[in-house]
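The values are calculated or read from the model by the stated rules, or taken from the named source; none is laboratory data. All values reported here derive from a predicted model rather than from experimental measurement. Cβ coordinates were reconstructed from backbone atoms using ideal geometry, including for glycine residues, and neighbour counts include every protein chain displayed.
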Amino acid sequence: MRVTHQRLEIFREVANTGEHPNAEQVFRGVRERLPTVSLDTVYRTLWVLVDLGLVKTMGPGRRRARFDANLDQHHHFVCIRCGYTRDFHSEDFDALTPPDSVQEYGDIQQTQVEVSGICNTCRNEERE
């Protein structure tokens, strides 16, 4: 795969944030620097980066997936109201062993825990 300026900027947009952006958020960020980039180019490039193992996806399916350039072992907090997503580390979660019954689905490559709740911003807005 050729490394183009657009592809590099799309990867940078994902890699330089801890927000786990979806494709539309990546598009808006990249478009500030490259006004001619198309949403289609962003989508295609993100999936190429996934196929190359440079970013991971999280979330429900291809249409609403979020992208994460942190390939180290970690877990996620996701706000059920606004979608705010952040990494966290936990040795306890890292040590989890999936039950034997999971083996019937296939070979486990990685275990990742996603904790969902209400973020501080949404909680504070609720109080007001």
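The table that follows gives values for the structure above.
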{"item": "Tabulated pairs, the stretch 31-43, first more than 17 Å from Ala65 (Cβ to Cβ) and charged (D, E, K, R), second in a loop (DSSP other than H, G, I, E, B) and modelled with pLDDT of 95 or more, C-beta under 8 angstrom, 6+ apart or interchain", "result": "Arg31/Val37"}
{"item": "In the stretch 79-96, residue nearest to the chain's Cα centre (by Cα) [restricted to those that are among the aromatic types (Phe, Trp, Tyr) and more than 13 Å from Cys122 (Cα to Cα)]", "result": "Phe88"}
{"item": "Residue check, Leu52 under 20 Å from Ile10 (Cβ atoms) and within 13 Å of the chain's Cα centre (by Cα)", "result": "no"}
{"item": "Verdict on Leu96 being assigned to a loop (DSSP other than H, G, I, E, B), touching a residue at least 12 places away in the same chain (Cβ under 8 Å), exposed (fewer than 13 other Cβ atoms within 10 Å of the Cβ) and among the hydrophobic types (A, V, I, L, M, F, W, C)", "result": "yes"}
{"item": "Search result, residues across the stretch 99-128 that are at negative phi and part of a loop (DSSP other than H, G, I, E, B)", "result": "Pro99, Asp107, Ile108, Gln109, Gln110, Thr111, Gln112, Val113, Ile118, Cys119, Glu128"}
{"item": "Pick from the stretch 21-44, criterion under 14 Å from the mean Cα position of the chain (by Cα) and polar (S, T, N, Q), ranking: farthest from Glu9 (Cα to Cα)", "result": "Asn22"}
{"item": "Residue within the stretch 2-17 that is small (Gly, Ala, Ser), outside any helix (DSSP H, G or I) and out of contact with any helix residue (DSSP H, G or I) (no Cβ under 7 Å at 6 or more places or on another chain) present", "result": "no"}
{"item": "Residue identified as closer than 30 Å to Glu126 by Cα, outside the structural domain of Asn120 (by TED's automatic domain parsing) and exposed (fewer than 15 other Cβ atoms within 10 Å of the Cβ) among Arg28, Arg44", "result": "Arg28"}
{"item": "Every pair of residues 6+ apart whose Cβ atoms lie under 7 Å, when the first sits in the stretch 45-61 and is assigned to a helix (DSSP H, G or I) while the second is modelled with pLDDT under 90 and surrounded by fewer than 14 Cβ atoms within 10 Å (Cβ to Cβ)", "result": "Val48/Met1"}
